[in-house]
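To keep things clear, I will list the structure first and then write my remarks on it.
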Amino acid sequence: MKESTGAGATGIGLWWEAIRRDRKAAFGIVIVAAFVLVALIGPLFVGEPDDLVGMPLQPPSLKHWLGTTGQGQDVLAQLIAGTRVSLAIGFGVGIVVVMVGALVGVTAGYFGGRVDGLLSLLFNVFLVIPGLPLAIIIAAYLPTGPLTLGMVLVVTGWAWNARVLRAQTLAQRRRDFVAAAVVAGESSFRIVTREILPTMTSLLVAQVIGSTVYAIGAQVGLEFLGLGDVSAVTWGTNLYWAQNDAALLTGAWWTFAPTGICVAVVGFGLTMLNSGFDEITNPRLQLEHAWRAYLLKRGRLPERSTPVVVDHE
């Protein structure tokens, strides 16, 4: 990672311009922004998700655009209400997971020695244990609720981020600007927060996006298994009740297909945003794209061809 990719190297306007020019990043941010907008203002245009508004398992109609559930609730109202809760948990867990990973990983990488050995042992133990089975076991023995589920996802998801950030910190602490800060008498806290972490801005953002994808998928999976608060309205509980009402057997596709599509589209949007952001901040990808554009401009490379391998050594 180049030092110039830090938060202080460019302004917010330049970052936004780069994202806007990258098709993947722009497409991903449009998808995510659309779902966030629906989560914020959508409930104002639909009824209460728990209200019994019709006969059970009515197919989509002009009165109920996405039909009704097995209990007679409006599927559209439940889908929009679930969007708000699921996105809040997903983004919240994504941010907290990276914060915990940064705290442990940067501390281990910067101080080294016994501190590094102890913290590395800690996150390696979590990495050895499969995350989803561990989350299922923990969630099964704790009180149900969004906060509990979020805590379970944080506990089972922080270790990979810590390992990556430890490796990055080990590389950064040998740089001249860190040595200069030490000689100048700056405190360890200031060196970490003002010198090292800013150089990892792009990595931290990418980790937040990736962790959010993990959190949304894991949350939906755990709630589908009945390990969440089934009285709450989320994407996961929507699928749980659809399965509980034998929607597949009765052919009531409208009770689960819209939720499944939303989960897939949000995951796709976040993945596209992450991929585009990597193209913006990764010098190797920037050089490959520039080289390909140069060859296309010169007419030496057909638009549909195998990727060009550029030797960067």
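Applying the set (1) over 29 Å from residue 229 (Cα atoms); (2) buried (at least 18 other Cβ atoms within 10 Å of the Cβ); (3) more than 19 Å from the chain's Cα centre (by Cα) to residue 61 leaves exactly one unmet item: (2).
Would you mind stating whether residue 67 is in contact with a Phe, Trp or Tyr (Cβ under 7 Å, 6 or more places away or on another chain) and of a type in the set (Gly, Ala, Ser)? It is true that residue 67 is in contact with a Phe, Trp or Tyr (Cβ under 7 Å, 6 or more places away or on another chain) and of a type in the set (Gly, Ala, Ser).
Pick from 127, 170, 132: which is touching a residue at least 24 places away in the same chain (Cβ under 8 Å) and more than 26 Å from residue 107 (Cβ to Cβ)? Before you say what the answer is, go through the steps one by one.
Values: 127 fails: more than 26 Å from residue 107 (Cβ to Cβ); 170 fails: more than 26 Å from residue 107 (Cβ to Cβ).
After applying the criteria, what remains is 132.
Inspect all residues belonging to the stretch 111-132 and state whether any of them is crowded, with 23+ Cβ neighbours inside 10 Å and either part of a helix (DSSP H, G or I) or touching a helix residue (DSSP H, G or I) at 6+ places or on another chain (Cβ under 9 Å) (or both). Checking the stretch 111-132: not a single residue is crowded, with 23+ Cβ neighbours inside 10 Å and either part of a helix (DSSP H, G or I) or touching a helix residue (DSSP H, G or I) at 6+ places or on another chain (Cβ under 9 Å) (or both).
Residues checked against (1) of a type in the set (Lys, Arg); (2) surrounded by fewer than 13 Cβ atoms within 10 Å (Cβ to Cβ); (3) more than 28 Å from the chain's Cα centre (by Cα):
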site: 164; (1), (2), (3): no, no, no
site: 169; (1), (2), (3): no, no, no
site: 183; (1), (2), (3): no, yes, yes
site: 189; (1), (2), (3): no, yes, no
site: 194; (1), (2), (3): yes, no, no
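I'd like the residue in the stretch 224-240 that is crowded, with 21+ Cβ neighbours inside 10 Å and touching a residue at least 40 places away in the same chain (Cβ under 8 Å) and, out of all such residues, is nearest to residue 68 (Cα to Cα). Result: 238.
We did not get these values from a lab; they are worked out from the coordinates using the rules stated. Since the structure is predicted, the reported quantities are computational estimates derived from the model, not experimental observations. Glycine gets a Cβ as well: all are built from the backbone with ideal geometry, and neighbour counts include every protein chain shown.
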